[in-house]
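Here's the structure, in structure tokens; my notes come after.
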Amino acid sequence: MKVLLVTDFFPPLRGGLETHVDDLAAELADRGHDVHVATLTSNPTPSSPHVHMHVVTTTLQKLVRHERDDRPFHPPLPDPGARAALRALVRNLRPDVVHAHSWLGVSLPRRERPPTVFTAHDYALVSQLHTLLRTSGERCAGPALSKCVACGARRYGVVRSTALASTTPIGRRILPADRVLTLSEYVASRIRPYLAKPVDVTGGFVRPIAIDDDVAMPALPSSPYVLYAGDPGAHKGLDGLLDLWAAAAVPAPLVVATTKPLTRDVTGDVTAVTLTRAQLAVAQRRAAVAVVPSLWDEPYGMVAVEALTAGVPVVASAIGALPEIVSDGVDGVLVPAGNREAVASALRALVTDDARRAQLAAGALHNSRRFAAAAVVPRIEAAYIAVARAAA
């Protein structure tokens, strides 16, 4: 099949969505598909040389900035510039199926549109903040215009928050997709009430990374360490984790590998690093335990998946989709979200008990087979075939 993937962001930008789309593109190409990617990211760098990249620009990105300068803004409604570019691309490529992964998909042409699926990686279809987490830190029960405007105003200001809160429900209604996919049952349960389209769960996967034994690494602790990997945002629970190490609550070093530099100074036995994907894979393999102390309803939790695949037990918050990934007592330990003492207790128990840690590590390797590309990508291909046949 000729497949066009559509995504706001793509590597070299780092994040779960970017990694997923890059890995999916590479896997589809390996499986014999003709794969193209349309993205707002300038100078995209696919991991596979067989993936064809197309950079799209929006009309609004020159007028409205995203929170980060390297991430161009696309609204929940069609953008004139993006629509013109995608229309020309679709006419030129004539893909058998389009797979959108972000709001850029709403700018796909409505007429002469190829069969289309959309993957909801987070809660963007129902939440302007994408998180279903209020700016006050409280979990959000669901969207309501006045509530969303007030919440978003704390971050974006009243004007922008009003625009986003009012256009998000319009965007999800007009989204040109025949079927919606999610990586987790949890996300599916939160967005189904607001969608008139079928929602299927495919799960996420890990694409093996070829790692050179001589890959250059920053200095990491020589003794068994706990690894935190991912975004340093407050919703990830990193601040509480750093407080535990400042109080010497866990008898092991902590490695904090973030996608962008920390703004907070670290104290105690903490090593803060920014790693490439290959370096992170090495750091994960060397870790004794991985920790995912999220405070928000994680829509998936790729760092937990990567740790389990590396044979590393995971201590994770029992929140969002994380209980779908970590099996308590089998390949890791689930703790109440926000309970720092529970996190510290679980970590202490694992770093001081080699036999228990080895037992959970074996469970991690066994259970991680469900995250293999060979187990997940065929489900995505099946969705492509289903929408293509329905459109025939």
Could you please let me know if Val377 is farther than 20 Å from Ser223 by Cβ and part of a loop (DSSP other than H, G, I, E, B)?
no
Restricting region 236-259 to residues that are touching a residue at least 60 places away in the same chain (Cβ under 8 Å) and assigned to a loop (DSSP other than H, G, I, E, B), the one farthest from Glu306 (Cα to Cα) turns out to be Ala249
Taking the conditions exactly as written (under 22 Å from Ala248 (Cα atoms) and not aliphatic (A, V, I, L, M)), does Ser317 satisfy them or not?
yes
Residue in region 268-305 that is nearest to Pro12 (Cα to Cα), counting only those that are among the polar types (S, T, N, Q) and part of a helix (DSSP H, G or I)
Gln279
Check Gly171, Gly240, Gly230 and return the single one that is of a type in the set (Gly, Ala, Ser) and on the phi > 0 side of the Ramachandran plot.
Gly230
Name, by its number, the condition in (1) within 27 Å of Phe371 (Cα to Cα); (2) modelled with pLDDT of 95 or more that does not hold for Asp231.
(2)
Pairs with Cβ under 6 Å, 6+ apart, first in region 124-138 and in contact (Cβ under 8 Å) with a residue 12 or more places away in the chain, second surrounded by 22 or more Cβ atoms within 10 Å (Cβ to Cβ) and small (Gly, Ala, Ser):
Gln128/Gly152; Gln128/Ala165
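Grab the helices (runs of 4 or more DSSP H) fully contained in region 126-194, keeping just those with 2 or more residues being under 22 Å from Tyr300 (Cα atoms).
In region 126-194, 158-174, 185-191 are the helices (runs of 4 or more DSSP H) which contain 2 or more residues that are under 22 Å from Tyr300 (Cα atoms).
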Candidate set: region 1-37, residues that are under 20 Å from the mean Cα position of the chain (by Cα) and among the charged types (D, E, K, R); chosen: the one surrounded by the fewest Cβ atoms within 10 Å (Cβ to Cβ):
Arg14
Inspect region 330-348 for any residue being over 19 Å from Ala310 (Cβ atoms), basic (Lys, Arg) and in a helix (DSSP H, G or I) and give the result as yes or no.
yes
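The values are calculated or read from the model by the stated rules, or taken from the named source; none is laboratory data. As the structure is a computational prediction, the values presented were derived from the model and not from experiment. When we count neighbours, we look across all protein chains shown, and the Cβ atoms used for this are built from the backbone with ideal geometry, even at glycine.
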